[in-house]
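The values are calculated or read from the model by the stated rules, or taken from the named source; none is laboratory data. Fair warning: this is a prediction, and the values are worked out from it, not measured in the lab. Cβ sites come from the backbone with ideal geometry, for glycine too, and all protein chains shown count toward neighbours.
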Amino acid sequence: MDDAHNHLQLPQLATVADLLASWAPPLGIQRMMVNGTTVSDWENVAQLADTHPKRIRPAFGLHPWHLRDRPTDWREILEQRLIATPIASIGECGIDRWIENHDLVDQQLVLREHLNLAVKHDRPITIHCLKAWGALLEILQNTPKLPREFLVHAFSGSIEIACQLKTLGAYFSFSGYFLHDKKHAIREIYRQLPIERLLIETDAPSMPLPKELNRFPLPKDDEGTPINHPGNLVVVRDALAELRGMPTVELDGHLHENFSRLFGE
C-alpha cells in the first residue's frame, strides 16, 4: 500500500515518524508522499526522505492556509529544493474558501506559480481544494500548459467536477475521513470514479477516521483535536475495496500501479 498524502513531518507525529521502520513494514505500507505546507517545514520533509529513502517521497509546497507568512523569495527557495531533490513532487498547494478571511486572488496567484514550476521541472503536483471547485477549474482550464498529471487529494466535489478534472489529468485520493456517516455522497463518487485514477491517503495527522474505525489511536493534541496515524491507511484501503466490491489484493494492484504512474517507482 502507498499513502498518497500525509504530513509525517509535523510535530504531532514526531514519535510515529521515529518508529516508521517498525510499524510500516508489518502493515504493508511501502511508500508515502509526505507533503510540506510552509517553507519552514520543507527541511523536515527532506530529512525524513533522507532517513527513509525507500519509503518516503518528499513534496514541497505552500498550503493555502499558510500564505500570509511566506517569504518573498519562496518561489526561488522551492525551485532550489526541486533541483536538489529530483524525486520530489510539488505539494501541498491549492485554493480554499473554507478558511476565514481568505484571499482567493492571492491563493490563485500562488497556485499558478506552483503549476508553472511543475511544468518547468516535469514534476507531479498535489492540489488542495475546499469550497472552491469553480475557481480551481477556471485556473486549470485557463493555464496554457498543465502538468501532465496531478493529484486532487481528498477530493470532495461532485461527480461532474471530477469528470472535468479527470480530462485535465487529475487523480483522486480516497480519505478515511469519508467513512464518517455524513459522507455517504462522497463515498458514492469514489465508487463511480475510474479505478485507474484512484489513490488512497490518510492526510495524517489531519482528517481522522470515525472513532470506532481508528486502529491506531494517539493522544489528542493540546487543543483536544484527534490525531490521525498514517497506519490507518489499512482501514482506508479495506473500506475502498468494500466500496468498489473487489478483493483487497486486486485493489492493491491498481493502487500501486496508479501511485507509480503518478509519482514514479
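Tabulated results
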item: Residue that is surrounded by the fewest Cβ atoms within 10 Å (Cβ to Cβ) [pool: residues in the range 11-45 that are assigned to a helix (DSSP H, G or I) and in contact with a strand residue (DSSP E or B) (Cβ under 6 Å, 6 or more places away or on another chain)]; result: W42
item: Residue tally, condition surrounded by 23 or more Cβ atoms within 10 Å (Cβ to Cβ) and on the phi > 0 side of the Ramachandran plot, over the range 196-211; result: 1
item: Residue in the range 138-147 that is surrounded by the most Cβ atoms within 10 Å (Cβ to Cβ), counting only those that are over 17 Å from the mean Cα position of the chain (by Cα) and part of a loop (DSSP other than H, G, I, E, B); result: L146
item: Pairs where the first residue, in the range 91-113, is within 17 Å of G157 (Cβ to Cβ) and the second is loosely packed, with under 14 Cβ neighbours inside 10 Å and at pLDDT below 95, C-beta under 8 Å, 6+ apart; result: I95/L104; R97/L104
item: Filter pass, V234 being β-branched (V, I, T), in a helix (DSSP H, G or I) and either under 21 Å from C129 (Cα atoms) or touching a residue at least 24 places away in the same chain (Cβ under 8 Å) (or both); result: yes
item: Residue pairs meeting the criteria (Cβ under 7 Å; at least 6 apart or on separate chains; first part of a helix (DSSP H, G or I), in the range 148-165; second among the β-branched types (V, I, T) and surrounded by fewer than 21 Cβ atoms within 10 Å (Cβ to Cβ)); result: I159/I189; A162/I189
item: Subset tally (residues that are of a type outside the set (S, T, N, Q) and over 19 Å from L8 (Cα atoms)) for the range 83-104; result: 13
item: Residues within the range 116-169 that are touching a strand residue (DSSP E or B) at 6+ places or on another chain (Cβ under 7 Å) and aliphatic (A, V, I, L, M), tallied; result: 13
item: For S173: the one exception among (1) in a loop (DSSP other than H, G, I, E, B); (2) surrounded by 23 or more Cβ atoms within 10 Å (Cβ to Cβ); result: (1)
